[in-house]
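What follows is a single structure, written as structure tokens, with notes after it.
The values are calculated or read from the model by the stated rules, or taken from the named source; none is laboratory data. All values reported here derive from a predicted model rather than from experimental measurement. With ideal geometry, Cβ positions are generated from the backbone for all residues, glycine too; neighbour counts draw on all protein chains shown. Side chains included, ligands, DNA and RNA excluded: accessible areas come from the protein's heavy atoms. Shrake-Rupley method; radii C 1.70, N 1.55, O 1.52, S 1.80 Å.
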Amino acid sequence: VITYLDALPRSAELVVVGGGIVGAATAFYASQAGLRPLLLEQRPALCSLTTPASGGGFRLQLNDPLQYQLVRASVELFLDFEARTGQREYDPRVRQCGYLWLTTSEAVAQRQRRQAEAQRAWGLDDVEILPGDEVRERFPFTSPDVLQARFRQGDGTLEPKRVTMGLLTGATVAVKASCTVTGFGITGDAVTSVQTSLGPVSTGTVVIAAGPLSGPVARLAGLHPPIETIRGHKVVLPDVAAVPQDAPLTVDEDTGAMWRPAFGNGAYALFGDLTVAATPPTAEVPVDHAVATRLLDPDGDISVARLTPFWRELWRRNETYWTVQAGQYAVTPDRRPLLGPTAIAGLFLNAGYSGYGVMTGPGGSEHCMNVVTGKVPADANPFRPDRVFADVQRLSDI
Ligand SMILES: Cc1cc2nc3c(=O)[nH]c(=O)nc-3n(C[C@H](O)[C@H](O)[C@H](O)COP(=O)(O)OP(=O)(O)OC[C@H]3O[C@@H](n4cnc5c(N)ncnc54)[C@H](O)[C@@H]3O)c2cc1C
């Protein structure tokens with residue numbers, strides 16, 4: 001149950017900063033732990049920054065065993081959403097349509113085989129490696145140039161906004177929107193209050209779940225978490241009859257371009273590259289409209305037509321409308337989130353989900369709340385924000 005507050009309360013047991021999927025999941029698991037969270041969101045609408053800009057893809061096919069644990073916990077929630085959240089108002093529209101990674105390169109094909117083998121070693125034994133002919137037989141919209149694919153049917157897509165609102169509805173949470181956190185009251189080395197644009201709230205426990213703005217929010221307490229913000233884009237095409245609506249989320253693994261069916265008659269085309277230069281964290285992410293033509297024009301450098309040629313015809317007919325959304329990935333040095341305590345007692349981070357916060361956010365938030373409540377001891381927390389980032393991963397498969 002969400003209680004939308006008219007006025008800010010004087011005190012709260014737990015304050016969650018941010019009303020995207022991660023803040024919602026934090027409030028949900030806090031509420032399950034018997035706490036009464038107050039969620040503060042600076043924008044007039046919940047879930048209106050990064051989460052709705054995402055592609056809504058989820059997958060167990062990852063190449064990081066730690067992230068895999070978080071996604072697995074999230075997916076258990078997604079697949080049993082009504083029962084777990086105890087609400088029926090928001091159906092997350094989970095589609096286990098599969099995630100299909102296509103390549104024309106022998107080097108990438110070899111990496112795919114290595115990844116599938118590594119995944120089998122952690123217990124994920126249903127990733128298929130498909131030779132080109134089998135790819136075309138099962139997915140007739142793919143190009144003769146495809147050499148190989150990896151595919152997992154159990155992966156798929158969902159609607160992140162519905163997950164966010166369902167989690168909040170399933171929690172017992174008080175929400176104050178249009179309320180910006182502007183500072184923290186700190187006594188000794190412990191947090192004692194949150195300062196906001198509407199006044200102070202006294203509290204001993206705060207979780208920062210402010211997405212790409214988690215760095216700036218943490219800086220209000222003198223902290224400098226290692227989070228860089230990198231822009232990604234989604235092209236929204238509400239009406240494209242040529243896109244097979246039963247298609248998997250399809251990735252050109254050679255370029256990083258991807259697309260998925262959406263809305264029953266439309267599609268998303270997406271591109272995100274975690275290796276491009278960071279841009280300053282902002283609530284008003286500028287849109288690079290050229291991404292749409294780079295993805296949709298068959299001559300574009302990241303064209304979705306390259307390995308799924310029906311997009312070529314769509315471009316030629318030119319009757320399709322599109323808009324472009326941009327969001328920022330909150331990227332950490334090892335691409336794993338920062339979950340747990342900071343140097344200030346009572347102040348916790350639940351941020352830095354890099355390219356994966358929709359699928360890892362619920363599992364990560366459950367873990368974070370287990371750290372907050374002491375269920376997971378600090379030394380058993382591989383995501384602790386003060387960890388050493390020695391083993392930097394370079395994931396090529398966002
Ligand atoms: C183009 C794109 C595609 C993506 N695709 C996928 C995908 O397919 N699958 C996947 O798992 N992940 C995907 N991601 C990543 C995913 O979207 C993010 O990791 C996730 O949405 C982060 O959620 P969040 O709640 O942390 O952040 P947000 O949704 O940004 O929420 C943070 C909230 O905090 C609020 N806030 C900030 N500062 C303050 C303050 N001072 N006071 C009060 N409130 C504040 C903000 O207004 C905002 O509402 C994608 C990202 C992008 C950009």
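Elements of the type helices (runs of 4 or more DSSP H) sitting completely within region 273-383 and holding at least 3 residues that are of a type in the set (D, E, K, R): these cover 310-317. Selection within region 272-304: residues that are in contact with a Phe, Trp or Tyr (Cβ under 8 Å, 6 or more places away or on another chain) and modelled with pLDDT under 95. The member of this set that is surrounded by the fewest Cβ atoms within 10 Å (Cβ to Cβ) is Leu274. Count of region 355-382 residues, restricted to those that are at pLDDT 95 or above and within 14 Å of the ligand (Cβ to nearest atom), is 11.
Screening Asp273 with (1) acidic (Asp, Glu); (2) within 12 Å of the ligand (Cβ to nearest atom); (3) over 17 Å from the mean Cα position of the chain (by Cα) gives one miss only, at (3). Is it the case that some residue within region 166-181 is within 27 Å of Arg231 (Cα to Cα), surrounded by fewer than 22 Cβ atoms within 10 Å (Cβ to Cβ), out of contact with any helix residue (DSSP H, G or I) (no Cβ under 8 Å at 6 or more places or on another chain) and not β-branched (Val, Ile, Thr)? Within region 166-181, one or more residues are within 27 Å of Arg231 (Cα to Cα), surrounded by fewer than 22 Cβ atoms within 10 Å (Cβ to Cβ), out of contact with any helix residue (DSSP H, G or I) (no Cβ under 8 Å at 6 or more places or on another chain) and not β-branched (Val, Ile, Thr). When you go through Leu66, Leu79, Leu102 one by one, which is the residue that is away from the ligand (no atom under 11 Å from the Cβ), closer than 30 Å to Gly256 by Cα, touching an Asp or Glu at 6+ places or on another chain (Cβ under 7 Å) and of a type outside the set (Gly, Ala, Ser)? The unique qualifying residue is Leu102.
Checking Gly352, Gly340, Gly300 one by one, the residue that is over 23 Å from Arg260 (Cα atoms) and either among the polar types (S, T, N, Q) or more than 12 Å from the ligand (Cβ to nearest atom) (or both) is Gly340 and no other. The residue list Ala149, Ala109 contains one member that is away from the ligand (no atom under 16 Å from the Cβ), modelled with pLDDT of 95 or more, of a type in the set (Gly, Ala, Ser) and within 23 Å of Trp311 (Cα to Cα), which is Ala149. Taken over region 36-47, the residue count meeting the criterion of being more than 6 Å from the ligand (Cβ to nearest atom) and either free of Cβ contacts under 8 Å to residues at least 40 places away in the same chain or open to solvent by 40 Å² or more (accessible area, probe 1.4 Å) (or both) is 3. Within region 190-227, work out how many residues are within 14 Å of the ligand (Cβ to nearest atom), closer than 15 Å to Tyr353 by Cα and not in a helix (DSSP H, G or I). Result for region 190-227: 6.
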